[in-house]
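Each reported figure results from applying straightforward, stated rules to the coordinates on display, with no laboratory input. This is a predicted model, so every value here is computed, not measured. Cβ sites come from the backbone with ideal geometry, for glycine too, and all protein chains shown count toward neighbours.
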Amino acid sequence: MSFISNKGKGINKDRISVTKLGKSSLLTNEIPSLRLRLAEIVGEYDPKLKTIFLDGSSNKSKSVKDDDRIHCPTILIFLESANKLNIKAIHWKNFSLSGKPLPILLEFCGKYISLNTLRLESAQLQESDIKLLETFLKSNSNITDLDLSGNTYRSNFSSLLIDTKLKYLTLKFCNIDHEGLRDLIQPLKSAYHHSLIHLNLTSNIIGDIGAEEIASLLRINRVLISLNLCRNNITNDGATRILESLQSFHLNTEEISKRRMICYQYYIQKYEQMKAYTAPDPSLTTLVSEDLKSSSLSSAVKVKSKKSSKMREKKASKLSTSLVDLSSKSFSRTNTYAPSNIFIPPIADISDLVEVLDYQSAYHPFVKETMLDGFDFICRGNFVLKHLNISFNLLTEDILGRVCEMLMYQMSNGSSQEGLNNIIIYGNRFKSETAERMLLEIYDLLSLKMTNSSSGSLSIKGSKRDLRSRSKSSTQ
C-alpha cells in the first residue's frame, strides 16, 4: 500500500506502516487522510507514521527507528492488537504542532472513544494551542493520559486540569519553575475533587520553593499516588518539607479556617434537621394563638382596675421583708466559666458526617484525619502517596535519616497497605559509609512493610547488592 505526498512522490513503506489496518475500513481511510492533510501544512516534511501493536504481535520494536529524515514529524499510533484494531494511544514527536496542525490531529483523535493516551512531545505549543487542547480534553473524557514533555510553554498548564478527567500528566523538560508550579497545582488542592493520580515533573527547575508548594499540596490532596520530582534542584530543605507532609503535622491558620468552615456547615445542617423534627403543627399553633388573644382581651379590663391596689401591696410586702429573713435563706452556688476560644470538633462518627455533609467535606483530611491536642489541631498526614521519585537532586546523606523517620512513623500509624511503598533517591550526594548503612536501613524498612502487605511492590529501586555496589562506586 502506497500513498502520494503533496509533491506527488511515493512514500517508502518504511515511513508508513499501515498494512495491518486493512481489517478496519475506518482506520484505512482515516490514517492516510490524516497524513495527507498534515503534509499539506508542514510543507516539504512528509509525516512519518508507524503503527505499534501493544501486545507485540507483528511488531517486535516498541519505538521508531529514525531514518535519514531525523527532523520530520513522527506519529506513532498504538493499537490494542492485530486482531483488535482499537486505537489506544497517539504520539506526536519531533515537530511543531502549533497553529494549523493541532486542530487536524485533535479532530482525528476525537473520532475514537478507545483512545486514552495523547502524547505531544516537543510540539512547541503556544497559548492558543493550550486553549484548544483544553477544550478538546473537556469534550473527550476518554483521554486520561496526557504527555506534553518538551513544551517550554511559559504560561501555566493548570487549565488542562480544570473539568477534565486526566489521571496521568507528564510535563518533563517544560522549564517549570516554582511560580509555574504554584499555578499548575492549584486545581489539585482539594481532598478528592480531582482525578489525577500521577504527576511527572522530571527535569524542571522548581527548587526548594517549588518543593514547599508540593508539600502544601500533599497536606490536603488524597488522590495523588505517584509523584516524580527527579532533577529539580531540590535540596534537603525542600525534601524535608515534602517528607513532613507524609507524617503528622499541625494545621496552619488557613487549614484551621477550612476545618471550621466544614464543621460550621455540619452544625448548621444538624440544627436545621432538629428544628424541622421538633417544629409544632402550624394548625395547632394558630388555634393556641387565637385562644390566647381572646383571653387576654377579656381580662384586660380586670387587670387595669386592680393594677393600682396590687402595686401598693407589692411595695408593702417588700418593705416588710427583714434582712434577717434574707440572710437565713440558702442559695445554691453555681460556677460559671468564660467561653472557650478553642473550636470543638463535631461530636459525630463518619457515618453521621457522610449523612449530613457531602463526601468531599465528610472525608476531608482536616476533619476526618485531624484531632484536637490541647490548643493544636494535629493531622495524621498523607498516607495515600505510594511512589516518590526525588533522584538526581541536590540531596545529602542527612535526608536519609528523615526518610527513615517518615517510614517508621507510617508503619507505626497505618496499615501495611497505606503510605509510601516506593521511594527512588539515588543519584544524589551520598558518598559515605554512613549513607550506605542508611540506604540499607531504608531498604529493610520497605522490605518489612512488603512482607506485612498482602499486595504491592515496595522498594527503593534495587536490591541490597545493588545498593551496596552503587554506594561503593559513589565513594570511589
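How big is D for the stretch 107-148, in µm² s⁻¹ as a whole number, if Stokes-Einstein is applied with the Kirkwood radius of its Cα pairs at 4 °C and 1.567 mPa s?
Roughly 120 µm²/s, to the nearest whole number.
What does the charge add up to near residue 243, with Lys and Arg as +1, Asp and Glu as -1, over the other residues with Cβ less than 10 Å from its Cβ?
Net charge in that neighbourhood comes out at 0.
Which entries of 138/189; 48/172; 48/88; 167/368; 48/138 have Cα-Cα distances beyond 22 Å here?
The answer is 48/172; 167/368; 48/138.
Kindly put 386, 100 in sequence by how many other C-beta atoms sit within 10 Å of each C-beta, fewest to most. Present the calculation step by step, with values, prior to reporting the outcome.
Details: 386 20, 100 12.
Ascending Cβ contact count within 10 Å gives the list 100, 386.
Would you tally the net charge around residue 210, using a Cβ to Cβ cut-off of less than 13 Å, leaving residue 210 out, and scoring K and R as +1, D and E as -1? Write down the numbers at each step before the final one.
On the way: positive: 182, 231, 241; negative: 177, 179, 183, 208, 212, 213, 237.
Summing Lys/Arg as +1 and Asp/Glu as -1 gives -4.
Would you mind ranking 149, 195, 412, 361 by Cβ crowding within 10 Å, fewest neighbours first?
412, 195, 149, 361
List, largest first, the extents of the alpha carbons of the stretch 142-273 along their principal axes, each in whole Å.
For the stretch 142-273, the Cα extents along the three principal axes come out at 55, 39, 24 Å.
Grab the beta carbon distance between residue 413 and residue 107, set R0 = 51 Å, and tell me the FRET efficiency rounded to 0.05.
On the way: r = 51 Å, r/R0 = 1.00.
So the FRET efficiency works out to roughly 0.50.
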